[in-house]
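Structure first, then comments.
The values are calculated or read from the model by the stated rules, or taken from the named source; none is laboratory data. These numbers come from a predicted model, not from an experiment. Note: ideal-geometry Cβ built from the backbone for every residue, glycine included; neighbour counts use all protein chains shown. Ligands, DNA and RNA are stripped out before the accessible areas are found, and what is left, the full protein with its side chains, is counted by its heavy atoms. Shrake-Rupley method; radii C 1.70, N 1.55, O 1.52, S 1.80 Å.
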Amino acid sequence: MANNSEFLYRIIRWEHLVDLFHNKRLFFARPSAWDDPYELRIDHPALSEVFAQCWCRRGVSDAMWRIYSPSHYGVRIKVRRSELVNQLNAAKKIVPFRYRRIGSVKYRRQSVIDMEHKKLVAELESKYDAKKGLDSLMFKRNAFNHEAETRVLIHAPKVSAKELGVSVPVNPHVLVETILADPRMPEAVFKAFEHYVKTSIKFKGKFRKSTIYSASEPHRVGYDDET
């Protein structure tokens, strides 16, 4: 499937889906919680006030299911980038954050990223700009390019240093277009989740199981006639 920048996808745990719809919020985490330490090589004051959420531009990805749904109970939500931006802009009236950035992560060789970091450090030392400092969060090494990642960054300076992140209010029924269950989810669990989505969450969009591992009957070649 070709990348479509208008649509963004995120695989989340079931309990996070419930939180999204019942509490009507998206959670933005501190970058310090990310696994790749290479992304935090440039340290500057604004990083303690930055919160991020990561989305994928690929709707079908074996790697993403395996990484983000190891229990087989995960779900993939699909949103429009434009609607996500609209709701973030509306949320700025409720949650104080100074600005928003949404953009595709650039995947580069480590040597190229090293050069970009050196250039950015020199620019920040010459004239510190918190917004410019966030550029370092938009690069990742080629080893992670299966993520096809789009990042949403917000700058919320009033959040306590003790907080792991910040919750941004959204309308999930408008934001989320479809919900896709893990293709490996047991059928009985899928049916229970489907009932919950329709009756408790009251989601009106499509809810189905991914067919990434489904296949038609194999083509049998080289066998004797068994009839």
* If r is the Cβ-Cβ distance from Arg108 to Tyr223 and R0 is 45 Å, what FRET efficiency results, to the nearest 0.05? -> 0.35
* Structure fact -> Once Lys and Arg are counted +1 and Asp and Glu -1 for all other residues with Cβ under 11 Å from that of Gly74, the total becomes +3
* Asked: Averaged per residue, what accessible area in Å² does the chain show with a 1.4 Å probe, protein chains only?
  -> 57
* Asked: If all Cα-Cα distances of the range 133-227 are sorted into 10 Å bins from 0 onward, what percent lands in each bin, rounded to whole numbers?
  -> 10, 22, 26, 25, 10, 5, 2, 1
* Asked: Could you give the nm distance between label points at Asn145 and Met115, where each point is 7 Å from its Cα heading toward the beta carbon?
  -> 1.6
* **Subset of Lys92/Lys119; Lys158/Lys202; Lys78/Lys198; Lys118/Lys140; Lys24/Lys78 violating a 23 Å alpha-carbon distance limit** => Lys92/Lys119; Lys158/Lys202
* Structure fact -> Within the under-12-Å Cβ sphere about Asn86, not counting Asn86, Lys/Arg +1 and Asp/Glu -1 give a net charge of +3
* Asked: What GluC sites (Glu not before Pro) in the range 6-105 are in a loop by DSSP, with at most 14 other Cβ atoms within 10 Å of the Cβ?
  -> Glu6
* Structure fact -> In the chain, taking the dipole from +1 charges on Lys and Arg beta carbons and -1 charges on Asp and Glu beta carbons about the Cα centre, the listed residue (Ser5, Leu124, Ala181) farthest towards the positive end is Leu124
* Structure fact -> The value for the chain (convex hull of the alpha-carbon atoms, volume per residue, Å³) is 163
* How much length, in nm to one decimal, is gained on full extension between Leu164 and Trp34, taken as 0.36 nm per residue of separation minus their Cα-Cα distance? -> 45.6 nm
* Asked: How much accessible surface does Tyr38 have with a 1.4 Å probe, in Å² rounded to 10?
  -> 40
* To do: Please give the per residue volume of the convex hull enclosing the alpha carbon atoms of the range 182-227, rounded to a whole number of Å³.
  => 126
* Structure fact -> With +1 at each Lys and Arg Cβ and -1 at each Asp and Glu Cβ, the charge dipole magnitude of the range 1-135 around its Cα centre, to the nearest 20 debye, comes out at 500
* Determine the gain in length on full extension of the stretch His173-Lys132; use 0.36 nm per residue of separation and subtract their C-alpha separation, reporting nm with one decimal. => 11.3 nm
* Contact order normalised by residue count of the chain, Cα under 8 Å, 6+ apart, percent -> 31
* Asked: Relative to a virtual label point 7 Å from the Cα of Val60 in the Cα→beta-carbon direction, which members of the range 2-39 show backbone nitrogen distances below 17 Å?
  -> 2-5, 7-10
* Structure fact -> In the range 173-227, the chymotrypsin sites (Phe, Trp or Tyr not before Pro) that sit in a DSSP loop and have at most 13 other Cβ atoms within 10 Å of their own Cβ are Tyr213, Tyr223
* Structure fact -> Here, trypsin sites (Lys or Arg not before Pro) of the range 81-172 satisfying both criteria (DSSP loop; at most 16 other Cβ within 10 Å) are Lys92, Lys93, Arg98, Arg109, Lys127, Lys158, Lys162
